[in-house]
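Readers should treat all values here as calculations from the given coordinates under stated rules, not as data from a laboratory. Keep in mind that what you see is a predicted model, and the values were worked out from it rather than measured. Glycine gets a Cβ as well: all are built from the backbone with ideal geometry, and neighbour counts include every protein chain shown.
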């Protein structure tokens, strides 16, 4: 009992820090979501009215659909590429170190700088990509006026920016797999695809779930790519939940509504994370598939 109390005391500073940095602001935002307030305005208690307004707003549901579609495209395409690249690089291909450096290079680029570069390259009038398409007789990319073309650009940009994160997790896990399993399988006549299907994927599954959970949580907060590339336009067609929250907080100064949006995003993130955490628990601790 005495030793356990000492351990709790040793962990107490970290717990207090987490409570101060995460817990107290979260409680304050929850309190704010139940009030109507703006700059210089005394908070007025309105109960769940802010949540009712958000859930009845068609712009919220459009932003939710955009977020859901883009996040699923980004996460699963990125994860698939990361698995394939990790498997390819672990197989001993030539110039591996150089190629790994190229793959993780985007992780050193600021999101703002990356969006500015992509926006210039994809500019319909003066962008080099548009010039190349025109020289080939292909139509220009209508991402400035078409909703789904713009969301496709956002998804591609997000994949390019965050692929190194998933790749590093999966590549680290892949090079740690025992080589004798692959040698035994090759001796027994298993093809490269069979080795990938029956050895690589099952053994990488814990790392895949970890990468999947983190990327889902991070991608759900997608903001910079959309705000700097399209601003949510045209006519708020490409708005996502984070830009929807930003608009209400800093354009309309509706802090209560913005807080309600933030808590709805937290609840959605927790629902997503809980599913993957349950799968991780079954796979890593109980051995169930």
Practice task
Could you tell me what fraction of 2.2 N^0.38 Å the Cα radius of gyration of the chain comes to, as a two-decimal ratio?
Solution key: 1.23
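Distances longer than 25 Å among the Cα atoms of the range 65-211: what percent of all pairs is that?
Details: 4704 of 10731 pairs.
Across the range 65-211, Cα pairs with separations above 25 Å total 44 percent.
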Fill in the blank from the handout: Quick calc, residue 270 & residue 6: beta-carbon distance into FRET formula, R0 25 Å, rounding 0.05, result 0.15
Problem - Reference-scaled alpha-carbon Rg (2.2 N^0.38 Å with N residues) for the range 132-255 - result: 1.55
Problem - Residues 179, 36, 282, sorted so that the one with the fewest Cβ neighbours within 10 Å comes first - result: 179, 282, 36
Practice task
Normalising by the residue count of the chain, find the relative contact order in percent from Cα pairs under 8 Å and 6+ residues apart.
Solution key: 28 percent
Completion exercise
Diffusion coefficient in µm²/s returned for the range 1-152 by Stokes-Einstein, Kirkwood Rh over C-alpha pairs, 20 °C and 1.002 mPa s, is 98 µm²/s
Fill in the blank from the handout: Taking only the alpha-carbon atoms of the range 16-84, the convex hull volume per residue, in cubic angstrom, is 149 Å³
Fill in the blank from the handout: Listed with the fewest Cβ neighbours within 10 Å leading, 205, 121, 151 appear as 121, 205, 151
Completion exercise
Semi-axes a, b, c in Å (a largest) for the range 8-51, each sqrt of 5 times a Cα gyration tensor eigenvalue, come to 31, 11, 6
